[in-house]
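Since the structure comes first, as structure tokens, the remarks are kept for the end.
The values are calculated or read from the model by the stated rules, or taken from the named source; none is laboratory data. Worth saying up front: this structure is predicted, and the values here are computed from it rather than measured. Cβ placement follows ideal geometry from the backbone for every residue including glycine, while neighbour counts extend to all protein chains displayed. The area values use the complete protein model at the heavy-atom level, side chains included, leaving out ligands, DNA and RNA. Shrake-Rupley method; radii C 1.70, N 1.55, O 1.52, S 1.80 Å.
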Amino acid sequence: MEEDLFQLRQLPVVKFRRTGESSRSDEDGISGEHEVQIEGVRTELEPVELEDGAAVPKEFANPTDDTFMVEDAVEAIGFGKFQWKLSVITGLAWANAMEMMILSILAPQLHCEWRLPSWQVALLTSVVFVGMMSSSTLWGNISDQYGRKTGLKISVLWTLYYGILSGFAPVYSWILVLRGLVGFGIGGVPQSVTLYAEFLPMKARAKCILLIEVFWALGTVFEVLLAVLVMPTLGWRWLLILSALPLLLFAGLCFWLPESARYDVLSGNQEKALATLKRIATENGAPMPLGKLVISRQEDRGKMKDLFTPHFRWTTLLLWFIWFSNAFSYYGLVLLTTEFFQAGDVCSISSRRQEVKAKCSLTCEYLTEEDYTDLLWTTLSEFPGVLVTLWIIDRIGRKKTMALSFLVFSFCSLLLFLCVGRNVLTVLLFIGRAFISGGFQAAYVYTPEVYPTATRALGLGTCSGMARVGALITPFIAQVMLESSVYLTLVVYSGCCLLAALASCFLPIETKGRGLQESSHKEWGQEMVGRGSHSAG
């Protein structure tokens with residue numbers, strides 16, 4: 001016995017330290033170094049370095065060490081069949097652009113059929129933006145409190161119900177109220193991006209969110225083509241009903257949608273989150289990470305004050321201005337395009353405005369086939385914007401992509417000071433709209449990436465609400481101020497985008513190459529930025 005003890009004392013006591021990744025939870029409070037000590041035996045430790053991926057010898061390994069977070073599982077499972085299905089279903093919700101595009105078709109039709117004055121026609125458009133502005137924060141709060149799937153389903157079903165009901169409106173007051181309620185529902189549809197982003201691996205996230213924006217462009221194109229077929233024969237009521245078709249398809253397929261695993265973990269529903277991750281792994285044909293799913297620290301969700309903590313205060317304020325500028329400039333350009341095309345060039349617009357003033361406000365002009373063709377060409381400019389943004393966003397980063405988009409739009413606005421011909425005017429307007437829509441898409445990528453899971457939906461909702469404020473204000477610039485001075489109008493849009501470009505550069509966080517933050521109690525990106533390098537340091 002004494003001889004055995006003597007031999008044991010001669011053995012070195014070793015400790016193992018991983019130089020690669022460590023996926024320990026914060027609650028463990030253990031450093032990742034394992035020491036084996038025997039009382040009465042010398043305590044000098046000889047470190048043994050284990051390379052990344054090397055297994056600890058089984059006689060020293062602790063089976064409870066293997067833990068993973070939702071981010072680890074999403075990255076390990078990767079992009080596959082599940083994400084393709086999710087892209088199509090959330091894309092159907094995103095095709096609610098049809099409900100927005102229909103405003104430019106419905107307004108002149110009702111102006112003629114019900115003999116509405118111009119202010120009532122304008123109010124029909126404004127009430128939709130009022131509904132969106134008033135509900136965006138509410139839908140974000142619902143999505144953070146009760147789940148992304150819950151908020152998205154309710155908002156889509158709300159929009160579907162009132163969208164179809166507005167096709168039966170007997171008088172102007174009814175359709176005004178019903179379209180306002182449609183706008184209230186549309187305010188929650190951007191939460192589809194929140195749900196979608198939380199299922200995407202890091203490398204595919206930017207590209208996939210940008211590609212889902214294609215559904216917006218497809219929705220606008222489909223609405224114009226539908227109007228060409230339906231308006232001459234069935235009329236505007238059937239157009240309103242048929243425009244709800246993508247949302248009807250979503251309502252039929254939404255039972256397939258799972259709740260976000262990130263949300264389930266944050267709300268303490270570990271088993272449901274694990275079941276969702278296993279389902280994704282099965283559909284993608286990929287293995288699940290071994291070990292135990294780490295439960296995030298329980299924290300309040302959907303609290304407005306969390307958007308103004310020291311880590312996120314400047315990010316929130318700058319993003320609000322960026323989203324405001326995006327919508328202000330985007331919808332302003334849409335309104336200016338009609339004015340410029342009807343006048344022929346910028347220099348002729350003042351004389352044309354004087355002619356319009358001389359006309360009766362009840363002058364009725366139905367949309368012609370040529371008008372529908374112009375609408376179609378205008379909407380097609382969205383696709384180059386998607387392609388350009390898709391190409392540069394992972395090369396130069398999210399912040400620089402937004403800044404570049406604002407700068408190009410501002411430059412195109414300044415070039416309109418020149419009395420260019422219609423062809424050059426068309427090119428400048430096309431480029432300007434492509435880049436401002438690309439900037440909008442980059443903001444949709446950046447915003448859900450920068451906020452933690454507890455406030456992600458609320459952050460996106462408040463930003464979307466600020467965008468609707470810009471959309472409400474821009475008609476007073478693009479139509480009212482335009483009557484006084486064309487050049488002052490262009491200076492306002494150009495100056496706003498220059499300031500937005502600076503705001504993009506001053507954003508304190510760049511999310512390129514980063515994972516989604518789970519907890520607001522950690523330094524931003526602490527869990528995700530090369531977990532291996534974090535533990536090696």
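Results for (1) of a type outside the set (S, T, Y); (2) surrounded by 22 or more Cβ atoms within 10 Å (Cβ to Cβ); (3) over 22 Å from the mean Cα position of the chain (by Cα), shown as yes or no for each residue.
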site	(1), (2), (3)
P448	yes, yes, no
T455	no, yes, no
L472	yes, no, no
F476	yes, no, yes
V480	yes, no, yes
S484	no, no, yes
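Can you tell me which residue is most open to solvent (accessible area, probe 1.4 Å) among those in segment 372-415 that are of a type outside the set (S, T, N, Q) and modelled with pLDDT under 80? This residue is W377. Could you name every one of the helices (runs of 4 or more DSSP H) located completely within segment 179-258 that has at least 3 residues being open to solvent by 30 Å² or more (accessible area, probe 1.4 Å) and more than 26 Å from G147 (Cβ to Cβ)? Hits in segment 179-258: 214-230, 236-242.
Assigned to a helix (DSSP H, G or I), open to solvent by 30 Å² or more (accessible area, probe 1.4 Å) and closer than 17 Å to L239 by Cα: is that true of T159 in this structure?
no
Can R353 be described as outside any loop (DSSP other than H, G, I, E, B), modelled with pLDDT under 75 and of a type outside the set (V, I, T)? Considered against the rule, which asks whether it is outside any loop (DSSP other than H, G, I, E, B), modelled with pLDDT under 75 and of a type outside the set (V, I, T), R353 comes out as yes.
On the stretch given as segment 308-326, residues that are within 17 Å of M133 (Cβ to Cβ) and at pLDDT below 90 total 0. Determine whether segment 52-68 contains at least one residue that is at pLDDT 80 or above and in contact with a helix residue (DSSP H, G or I) (Cβ under 7 Å, 6 or more places away or on another chain). Taking every residue of segment 52-68 in turn, none turns out to be at pLDDT 80 or above and in contact with a helix residue (DSSP H, G or I) (Cβ under 7 Å, 6 or more places away or on another chain). Taking segment 389-415 as the range and being closer than 15 Å to Q441 by Cα and polar (S, T, N, Q) as the test, the residues that pass are T389, T401, S405. Taking first residues from segment 384-412 that are on the phi > 0 side of the Ramachandran plot and partners that are open to solvent by 10 Å² or more (accessible area, probe 1.4 Å), the Cβ contacts under 8 Å between residues at least 6 apart in sequence or on separate chains come to G397/E510; G397/K512. With respect to being open to solvent by 40 Å² or more (accessible area, probe 1.4 Å), more than 25 Å from the chain's Cα centre (by Cα), modelled with pLDDT of 75 or more and within 16 Å of A454 (Cα to Cα), Q298 falls outside the description.
I'd like to check something: does segment 502-517 contain any residue that is in a helix (DSSP H, G or I), touching a helix residue (DSSP H, G or I) at 6+ places or on another chain (Cβ under 6 Å) and surrounded by 24 or more Cβ atoms within 10 Å (Cβ to Cβ)? Among the residues of segment 502-517, at least one is in a helix (DSSP H, G or I), touching a helix residue (DSSP H, G or I) at 6+ places or on another chain (Cβ under 6 Å) and surrounded by 24 or more Cβ atoms within 10 Å (Cβ to Cβ), which makes the answer yes. Tell me, yes or no, whether segment 241-264 has at least one residue that is in the same structural domain as L106 (by the TED database) and at pLDDT below 80. Scanning segment 241-264, I find no residue that is in the same structural domain as L106 (by the TED database) and at pLDDT below 80, so the answer is no. Kindly evaluate R433 against the criterion of being among the charged types (D, E, K, R), over 17 Å from L138 (Cβ atoms) and in contact (Cβ under 8 Å) with a residue 12 or more places away in the chain. The answer is yes for R433.
Answer yes if at least one residue in segment 104-117 is surrounded by 19 or more Cβ atoms within 10 Å (Cβ to Cβ) and of a type in the set (D, E), and no otherwise. Taking every residue of segment 104-117 in turn, none turns out to be surrounded by 19 or more Cβ atoms within 10 Å (Cβ to Cβ) and of a type in the set (D, E).
Here L319 passes the criteria (1) open to solvent by 30 Å² or more (accessible area, probe 1.4 Å); (2) in contact (Cβ under 8 Å) with a residue 40 or more places away in the chain except the one numbered (1). Screening T453, T447 for residues that are within 29 Å of W139 (Cα to Cα), at pLDDT 80 or above and either among the acidic types (D, E) or not assigned by the TED database to the domain that holds S134 (or both) leaves exactly one candidate, T447.
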